[in-house]
Amino acid sequence: MAKIKQKGKAGAAKAYVTRTAAVRKLQCSLADFRRLCILKGIFPREPKSRKKANKGSSAPTSFYYAKDIAYLAHEPVLKKLREHKAFAKKLSRALGRGEWSSAKSLEENKPIYRLDHIIKERYPTFIDALRDIDDGLCMAFLFASLPSTSRLPPELIENCVRLSSEWQLYVMHTRSLRKSFFSIKGVYYQAEVMDQHVSWLVPYQFTQSIPPDVDVRVMMTFLELYQTLLGFVLFKLYTDAGLVYPPPLDSKKEEGAAGVGAYSLQKVTPVQPATIPQTQNADSVRASSKAVQRAIKSIGSSATKEAGLTADTPESPEDIDEDFVPHQSTSDSQSVATLPTLKSISSLPQTLTTNLFAPYTFFLSRESSRPIFEFLVRSFGGRIGWPASSGNGSPVSDDDESITHVIIDRPLVERPNETAEERSRRLRRKYVQPQWVVDCINAGKILLEDAYAQGKTLPPHLSPFGERDGAYDPLAGDQIEDSDSESEEEPVAEEEGEEEEEHTAKLSATRAIDLGDMDVTEDSEALRAAELAAEAAGVDYGAFEKAVSKSGRKSKTTNQTVEEGGDDMNKMLMSNKQRKLYEKIQHSRRKRDSERAVIEAKKRSLQKKAKRESKTPK
Amino acid sequence: MPGLEVESKRRKRRHEEGQDELDAEPSALHRNGHLEMLSDDEDGNDIQSDDGQVDQFPEIHTESDSEEEEKEETSDEEDEEEDEEDKDEDEESDSASDSAESLHVFPKAKTVMSEITGQPKLVYPEIEPDYDSDSSTEDAPNRVGDIPMHWYDDLPHIGYDVNGRKVLRPARGDELDKFLQTVDDPSSWTAAFDKNTQMDKPLSAEELDIIHRLYKGENPDANYDPYEPTIEWFTGKGKEEVMPLSAAPEPKRRWVPSKWEKQKVMKIVRAIRQGRILPSKPKSKAKFEFYSIWNDTPSTHQPPLPAPKPPLPTNSESYNPPEEYLPTDEERKRWEETDPEDRERDYLPQKYSALRLVPGYDQFIKERFHRQLDLYLAPRVQRVKINIDPKTLIPKLPSPNNLKPFPNYKSLHFIHAKGRARCISVSPDGAWVVSGDEEGIASLWEVNVGREIQRWQFEGRIGLIEWCPRLDVSYFVVGTEEKLHFLIPPNITNAVLSLTQSLLAPSSLPPPPNPTPIKWNSVSPNHWSLDKPILTLALPDSSGLPIQAHWHRKGDYLATVSNSKTHGGVWIHQLSRRHSQAPFKRIKGTVQAVLFHPLKPHFFVATQQYVRLYNLSEQKLLKTLMPGIKWISSLDVHPSGDHVIVGGYDRKLCWFDLELSDKPYKVLRYHTRAIRSLHFHPTYPLFASSSDDGSIQIFHSRVYNDLLTDPLIVPLKILRGHSVKDQLGVLQVRWCGKHPWLVSAGADGHVVVWCS
């Protein structure tokens, strides 16, 4: 006879522990447990059956893996937390007794935990870490904008400012910014670092106050982790890029609100590797006289450095010129035939986008936010200047002749008393609204400035991250309307790659449609025959496809009713499980479609309204 | 303590005074005692006088003795002086005592002539009580003592004085007098009523002072000084004790340095020398240095799954979205009314004409916080995202077009004007249909044309109509309340008619078998007309309406089910022997339907939830099918006899493969209301189901002979055309024997023929 199995000795009952049990096992307070969970990235799990995991009780509890908790028991941080508890007791005792000297010595030997082992454990490879810095960056940027209070010590804010600036510097230096988006919540950025898309959100520059229902302790614990993580990630990024980390900070510039400009990127000189760590230490620990001198020098050469950065890629303007020349209409078959080399693949898109603003010099009017636009413009190779009211360290002054664009966010005003020189300067420059910069970045090309001129009503600002599939696409609506007037040659003017992608997408789409068709047997055969006929006649494949899809759309409407009847009947024979799944999918589709229909209806009514308004004055 | 001391001194002094002359010796003793008492004091004085010299000359005893003697003398003198002062005070306080003291101890009596008796008597002077004598009876004229004075309320006197004379009640004025007295006498408020003398007695100045002090919360004694200087009797300067309490020598540890302490200190010193302890440790404030943490080889264990990233913003989050994204007032209101956790989006799209007009987002920190809560408090579940075309889930079945023929249109309909067409039956040759309704009308009409040939009227509603499957005879059975009527249709050949007549009303009745409660009443062919049933079976009383009947394929046996609760209502009638029998003595549950197996001597009985298969020849239960239906409405068996379909009022249709299992091979639920009727086509691979939703579903059902191939069920067509009346739809469907045509009877009174 087999051994009788006792209840609760194996399976889910052993694999999961409740939170209370975990706290009791670790012999720490709940607050400490939470802190540990945050630091170690341990989160509750959902057992398949809550009853089985909780010994038959169905009380609402959160479950953790027993293994996770067992690992936590060996955590050095837990030990440190216990030490800290003892320390706190000792300290309060000493303070209560008025033993100041012993309190002081206790305070000096306060236990401090380090998180580097946790970073290593949670992110075994650098890519893992890089993939997970989104939240960290958001937090760093948020706390960099917060005022320091009794709960937020100024060192913390300073560190956040430093980390966020270092990240921005790195992104600017490597030109890895890809997309940006002005949202009502803040500015979204997306950078591509080591093939990882890192996106972060920066709030607009307004004073934030921490709402009372937010637990600051939790945020601080997360921030602790993120600070360490960001530090290590930035160290790795900087050293891989051959830069000194941490970049030396010029305190004088920082006091003048130079922002990112207060840090100077320094190349690691490989000639004297022995001396570098020394200087590095000196810089990081405290500014020695030597370092100060060097910093002063770097200030002097900041402008030249800028030039140097642009000079790093001297061929860039030519590239851009080439790109904006519309390609000759190469036929699709040819472009498919020419195999892209590795070099062309790696170089082409980068030169396209990263040096977008290289030929231009921008000047920022004082109402637009300097940190945003300095970051945006400089990460696409442009030069930018700003008035002294936005902080010092501007490389370009107001009356510089090289300024091509002025980013201005003011309504248009009359300028009665304007000197001729000012007027000529004004006419030479292009005045654009801030959205132009971001739209250019997202489009990957310089857009016409007219639509974004000062005082004009801006075109809608769309998300570069796209919508969920199947959602309403504001651009598609236009295309459907204009599809008749739109000639086929127009999209060719755009980049070839995109065209190609579109094409393949179309192809696959139609194919999918074909496959999805229920009357496959007849239709596909007919299609193939028609295709052969078209090929024989020498009709372009693309044109043929379009015709097919058009006709398909027409025929589909008629076919659909017949088909659906058959499908409905076949649904009877689905198993229960399949039926439920099917219903779920259909439900979500219907919901999405209805959402889309609502927006489309709104658009139609808006268009009607606009038409009526345009007619009435006439 | 000092006060007590003083009093005791006084007492002693009085003793001395009293007994001075009596004995001189005790006074000397007394003095010695007195000296002893003060010796401490003198010592203190002594020490005070030579403070620092105590240690220097501890052993000079003789001198100290002599000094003491001298001191004794001086102290004596002082004492005497004190005594004299005390005497003075006494004299001042009461001179009477002085005079008494100056006299003898026992006062002399005077001889006086008594006023009352007129004889001389000795009168002693009145005793003047001393300080400590009871003063309460001092000069009270009334000597009644401490009694309730209201005893004297009704008497003219208030007591007796010391000589036994009555003390008369003093005159007391009325209230007006009292008032006048208070007005006249300014000091009357200082008087208090004395109960003993029954009159107001002015309070003395001392008494008033006491009252005043009590009123102020002070000590009532005027002489009491709460701030008296402390008299240090045993402590203070000059009175320190020098003599040790114990004679034990001082232990060594008091002055020898500790060995253990030294060892401890040396341990620390050694540790410092060896560098194990840093005395001035550099502060741990030194900044945390980052290093290349990922340079060494990565650990082999799997990294934890990365947290899901928050979704990226869409167009509606833009500060300047296309106008169609902006919410209408209605949408805005709805958004505001929903709880924050129920909202689909945590923001409302807004449009700003310029970037400078965009305000700060007030929910920013909260959103970050919620994200963090999600990260560490929310359980994460890995879900496989199903990204499939839902159409692939629908099973691929052959197209209905390839499975023709099947009925797909309504060719004609026959109307029962009055009631619901409850039941129908198609003749075995497929040319005639008999339909019965709830008003008791049974109509015979042609399938092709729909023309009514004959109509029969019965009492009560018709529960069943079933045509005998035999081809050589032609008749059908109609079930009404507790009766089964056998009818012969018109327009049949004479041969068939005569055979039918001889079958149903034989000239010589077979011998009546065992008595049954069922009566077989035949009408002789001579008296028979087309309007009347030729044979009527009277079912037992209170057996109710027969609801279902099934002919055995040979047409000799007929099984009927009645809707009464008694006996299960199942009867099998044998035509040739004119005999009926109840196959089951008792049956569990109410029987819904019965069926003969098309090939074997088996019998299906459907109760409310189960279908039982009996072997009639062996008289035993073969199988119990469990369709899992709450209430079975109908069942039919495939002509091959291996497959059974069961329909239920809970919309389910179950297909059983009898070879396979007791559980259904397939459960279909496609009707929206209860299934009423099922029928397999006798020759075509078709079956139909009808439902209360007014629709008829036609299925293709191909059954294969090899056991490995599953039966193929293909839904072919939904026939709609019946209207739903009183929540009843199509009540019965029957196939026309040789064609793929379907006849259906609906609750709306229509009987419809569906053709292919």
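Numbers for the structure displayed
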quantity: Sorted peptide list for A:142-153, A:1-12, criterion being average Cβ within 10 angstrom, highest first; calculated: A:142-153, A:1-12
quantity: For B:Gly159, residues with placed amide H under 5 Å, excluding near neighbours; calculated: B:Val167
quantity: Span per principal axis, largest first, for the Cα atoms of the range B:139-291 (Å); calculated: 115, 63, 31
quantity: Integer Hz, Karplus 6.51/-1.76/1.60 couplings in order for the range B:571-587, x for Gly and Pro; calculated: 10, 10, 9, 10, 5, 5, 9, 6, 9, 10, 9, 9, x, 10, 5, 9, 9
quantity: Peptides A:580-590, B:242-252 ordered by average Cβ neighbours within 10 Å, highest first; calculated: A:580-590, B:242-252
quantity: Burial order of peptide ranges B:516-529, B:721-734 (average beta-carbon count within 10 Å, highest first); calculated: B:721-734, B:516-529
quantity: 3J(HN,Hα) from dihedral phi, the range B:642-656, Karplus parametrisation 6.51/-1.76/1.60, rounded to Hz, x for glycine, proline; calculated: 9, 10, 10, 10, 10, x, x, 5, 8, 6, 8, 10, 10, 9, 10
quantity: Fraction of the pair-distance distribution of the range A:574-618 above 15 Å, Cα-Cα pairs, percent; calculated: 63
quantity: Isotropically averaged projected area of the range B:659-748, using the convex hull of Cα atoms (one quarter of hull area), nm²; calculated: 6.3
quantity: Reachable lysines from B:Lys201, criterion Cα separation under 24 angstrom, eight or more residues apart if same chain; calculated: B:Lys166, B:Lys178, B:Lys216
quantity: Residues with amide H under 5 Å from that of B:Ser633, placed H, sequence gap 5 or more; calculated: B:Gly647, B:Gly648, B:Tyr649
quantity: Other-chain or far-sequence residues with amide H under 5 Å of B:Ala191's (modelled H); calculated: B:Leu203
quantity: Unsatisfied cross-links (Cα-Cα over 29 Å) in the set A:Lys608/B:Lys333; A:Lys267/A:Lys445; A:Lys40/A:Lys85; A:Lys80/A:Lys236; calculated: A:Lys267/A:Lys445
quantity: Stokes-Einstein diffusion coefficient of the range B:405-755, Kirkwood radius over Cα pairs, 20 °C, 1.002 mPa s, in µm²/s; calculated: 105
quantity: Backbone HN-Hα couplings from phi across the range A:392-408 [Karplus 6.51/-1.76/1.60, Hz, Gly and Pro as x]; calculated: 8, x, 6, x, 10, 8, 4, 9, 5, 6, 7, 5, 9, 10, 10, 8, 10
quantity: Stokes-Einstein D (µm²/s) once Rh is taken as the Kirkwood radius of the range B:430-537 over alpha-carbon pairs, at 4 °C in 1.567 mPa s; calculated: 89
quantity: Cleavage-rule hits (GluC sites (Glu not before Pro)) in the range B:164-271: DSSP loop, at most 16 neighbouring Cβ within 10 angstrom; calculated: B:Glu218, B:Glu232, B:Glu240, B:Glu241
quantity: Surrounding net charge for A:Leu177, when Lys and Arg each add one and Asp and Glu each subtract one, Cβ distance under 11 Å; calculated: +3
quantity: Loop chymotrypsin sites (Phe, Trp or Tyr not before Pro), the range B:145-228, which have at most 10 other Cβ atoms in a 10 Å radius of their Cβ (DSSP); calculated: B:Tyr227
quantity: Between the range B:255-329 and the range B:695-756, the alpha-carbon center distance in angstrom; calculated: 76
quantity: Members of B:Lys483/B:Lys623; A:Lys577/B:Lys652; B:Lys666/B:Lys738 lying beyond 22 Å, as alpha-carbon distances in this model show; calculated: B:Lys483/B:Lys623; B:Lys666/B:Lys738
quantity: Kirkwood Rh, Cα atoms: Rg over Rh of the range A:12-74; calculated: 0.95
quantity: 12 Å beta-carbon shell around B:Tyr409, net charge (K/R +1, D/E -1); calculated: +3
quantity: Too-long pairs where the Cα-Cα distance tops 31 Å, listed order kept, from B:Lys385/B:Lys663; A:Lys3/A:Lys55; A:Lys591/B:Lys404; calculated: B:Lys385/B:Lys663; A:Lys591/B:Lys404
quantity: Sparse-neighbourhood loop sites, trypsin sites (Lys or Arg not before Pro) in the range B:588-657 - DSSP loop, at most 13 other Cβ within 10 angstrom; calculated: B:Lys588, B:Lys630
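No lab work stands behind these numbers, since they all come straight from the coordinates. Everything numeric here is computed off the predicted structure, so don't read it as measured data. Backbone-built Cβ (ideal geometry, glycine too); neighbour counts: all protein chains shown.
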